[in-house]
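Notes follow once the structure below has been shown.
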Amino acid sequence: MRAKKTDTNIRQEQIAEAALKLVAADGMKGLSVAKIARHVGVVPSALYRHYKNKDAVLNAVLDLIQNRLMGNIQSVQHETNDPLKQLYKLLMKHIKLIRENQGIPRIVFSEDVYSGHQGRKKQIYAIISGYLGKIEDIVSEGQKSGAIRKELDPKSIALIFFGLVHPSAILWHLSSGEFDITKEARKNWAIIEKAIIR
């Protein structure tokens with residue numbers, strides 16, 4: 001059973017979520033401690049009790065993104081034991097995460113986030129690599145069960161799977177939501193599923 005979050009934990013998560021929303025609305029250049037504080041409903045000095053500066057807030061945002069991605073993995077694994085269904089459900093959850101958090105692609109793919117911050121660049125790489133590793137694990141389980149072709153490289157399938165989301169997310173973002181990212185993901189999944197099933 002999960003421990004109850006303290007007030008500090010809740011406030012830190014609110015701050016990270018506020019920063020993510022502000023990046024979605026105004027981009028990285030529009031992000032400031034004062035704006036984050038206003039969005040949360042506190043004075044800037046109160047925000048500094050939780051985070052030393054804007055960089056610390058950005059690190060917290062990356063932690064939030066990682067937690068949500070890994071939470072989606074855990075969720076699909078609880079929902080079904082079928083690796084193909086897990087992959088499809090994960091794809092839909094990933095699309096939902098992007099749709100509800102437009103700031104995620106803006107942060108992950110923004111040079112401003114890691115310019116001059118090698119540690120943060122490594123952090124983003126670790127988040128994506130960790131997520132891909134979990135997808136590889138699902139693929140490997142599918143190969144063991146005979147649902148997925150054994151001659152295929154799980155790492156390659158994981159990268160292709162990841163590629164189902166981000167090009168579409170960019171088009172969706174550039175079109176201000178006109179590009180139907182969910183419909184496209186379903187169509188592309190049908191192609192990938194046929195290619196990988198035994």
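What follows is calculated from the coordinates using simple rules that are stated; it is not laboratory data. As the structure is a computational prediction, the values presented were derived from the model and not from experiment. All Cβ positions, glycine included, derive from the backbone under ideal geometry; neighbour counts span all protein chains shown.
When Thr80, Thr182 are ordered from fewest to most other Cβ atoms inside 10 Å of their Cβ, what list results?
Working: Thr80 12, Thr182 15.
The order, fewest Cβ neighbours first, is Thr80, Thr182.
Between Ile148 and Gln143, Arg198, the built amide H atoms are under 5 Å apart, and every one of these is 5 or more places off in sequence or on another chain. Entry note, segment 54-196: relative contact order of 26 percent, from Cα contacts under 8 Å with a spacing of 6+ residues. Summary of packing: across the peptides 21-29, 172-180, 94-102, 135-143, the per-residue average of other C-beta atoms within 10 Å ranks them, highest first, as 135-143, 94-102, 21-29, 172-180. Close lysine pairs were tallied over segment 54-196: pairs 8 or more places apart or on different chains with Cα atoms under 17 Å apart number 20. Placing one equal scatterer on every Cα of segment 70-161 and applying the Debye formula, the log10 ratio I(q)/I(0) at q = 0.21 Å⁻¹ is -1.05. Sorted on the mean count of surrounding Cβ atoms within 10 Å across their residues, most packed first, peptides 156-167, 185-196 read 156-167, 185-196.
Each of Glu193 and Arg38 was given a label point 7 Å from its Cα along the Cα-to-Cβ line. The distance between the two points is 4.6 nm.
Compute the Rg to Rh ratio over the chain from the alpha carbon atoms, using the Kirkwood formula for Rh, and round to two decimal places. Working shown, then result.
Details: Rg = 18.4 Å, Rh = 18.2 Å.
When Rh is taken as the Kirkwood radius, the ratio is 1.01.
If the chain linking Arg49 and Asp180 were pulled fully straight, counting 0.36 nm for each residue of separation and taking away their Cα-Cα distance, it would gain 43.0 nm.
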